[in-house]
Amino acid sequence: SHCLFSLAVRTKERTADGMIMERCGKLHMCDLAGSESAKSAGMTNEGASRERERKNINRSLLSLSRVITAIQNGDSRVPYRDSKLTRLLQESLGGRCKTCIIATVSPSVLCVEETLSTLSYAQRAHGIQNKPIQSALMVTSAQHDGNGPSIDAQSWQELEMKLLYMTSEMQEAQAALAKKHSQVQIIEDRATAAEARAITNLEELEAARSGLARAERVQSEQRAALHLQQRQLAEHAALLGAREATEAALYREGTALLGTVDAAVRDRGRFRAELDAQLAAERGRRGAAVAFHDKQQAALASLKAGLAAFREESGVRQRGLKSSAEATAADGTKAVQELQKRLKALAGALADGVRELGDGVTERVEAAAAEGAATAEEQQALAEAALG
């Protein structure tokens, strides 16, 4: 544990005017238990006393560390009363005494943690600034002779302790007053900031209200635009419905037209077969017409040849009759004339028959050709309609 040795020294000295000067001082020698002592206290198995000693060591070291930290940070309240050690060393830690610190360290690697902890304490305590003040008591000769009121050293020490207590209380009160003043200042600053924030909030509220009014106007405009868009959408929906109905009707008509086209495509083969049969029949009719025309030409040629032979025979007969008529001119004049009339009539009849036969054959051939051409054009138009 910690070890503290206090030595009180008092001296008396007579001054030139007969006064007696008494001086008193104290010397505190403190051996702080390090972390190695706490470890050794914790590792033994001697019961609750060692455990309690270890806790006390750790608590006192922690209190000393808090005091050193508070003094370095300049806090208004230093926790001297948290432990007996810091209470006894109050004047040595930032008080009126001179303080000397001796740090005992080890160069061993096994004690590196304890060495670092000790050096850290020494470095932190080195930053503390003490204010040493000499403590002396002037005693008059009358007091010393016993004729006046005498104050012994114990009473003086009590008065001094009271003075120190009152001084510490005054310092604490001043610190509390300063703390209260700082708190009041903070509250005033907060109130000023709150007023500024309130003004800012009012300005923001006015801006928000104006923005809300603008937003309401924009919202009303948007509502009007929305109603317009809804009407446009309704009209568009109606147009879409009409368009869908038209598309459905067109689809049905297209389906019917496709069925018609499919039927036309199916009937195309039959039309083509019928067209081929009609074309073959037309070719047969044309061939028959040509053959008939050839036969008619051959019959006309044979008729012309027979007519020529008949003419030659008639000429021979006429010459014979002429010669016989000349012989029998008187008797046969009438007969000859009659015969000539009959021959002329026969020749006219033959010529008319030949002419009528030729005209009939030509008309029949032209009619057959015109009928064939009309039939071909009609079949071609049907074929094109079917293919289109």
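The values are calculated or read from the model by the stated rules, or taken from the named source; none is laboratory data. From a predicted model like this one, the values you see are computed outputs, not experimental measurements. Cβ atoms come from the backbone with ideal geometry, glycine included; neighbour counts cover every protein chain shown. Side chains are part of the model used for accessible areas, which takes the heavy atoms of the whole protein and leaves out ligands, DNA and RNA. Shrake-Rupley method; radii C 1.70, N 1.55, O 1.52, S 1.80 Å.
General remarks:
- Residue in region 166-175 that is of a type in the set (Gly, Ala, Ser), over 30 Å from Val9 (Cα atoms) and modelled with pLDDT under 80 present: yes
- Residues being open to solvent by less than 90 Å² (accessible area, probe 1.4 Å) and either in a helix (DSSP H, G or I) or farther than 17 Å from Gln72 by Cα (or both) - total across region 108-128: 13
- From Ala263, Ala273, residue being at negative phi and open to solvent by 50 Å² or more (accessible area, probe 1.4 Å): Ala273
- Looking only at residues in region 1-33 that are touching a Leu at 6+ places or on another chain (Cβ under 6 Å) and surrounded by 12 or more Cβ atoms within 10 Å (Cβ to Cβ), the one that is nearest to Arg50 (Cα to Cα) is His2.
- Odd one out for Ile133 among (1) within 21 Å of Gln90 (Cα to Cα); (2) in a loop (DSSP other than H, G, I, E, B); (3) at pLDDT below 70: (3)
- Taking first residues from region 228-253 that are at pLDDT below 90 and partners that are assigned to a helix (DSSP H, G or I) and of a type in the set (Asp, Glu), no Cβ contact under 7 Å between residues at least 6 apart in sequence or on separate chains turns up.
- Residue within region 71-89 that is surrounded by 13 or more Cβ atoms within 10 Å (Cβ to Cβ) and at positive phi present: no
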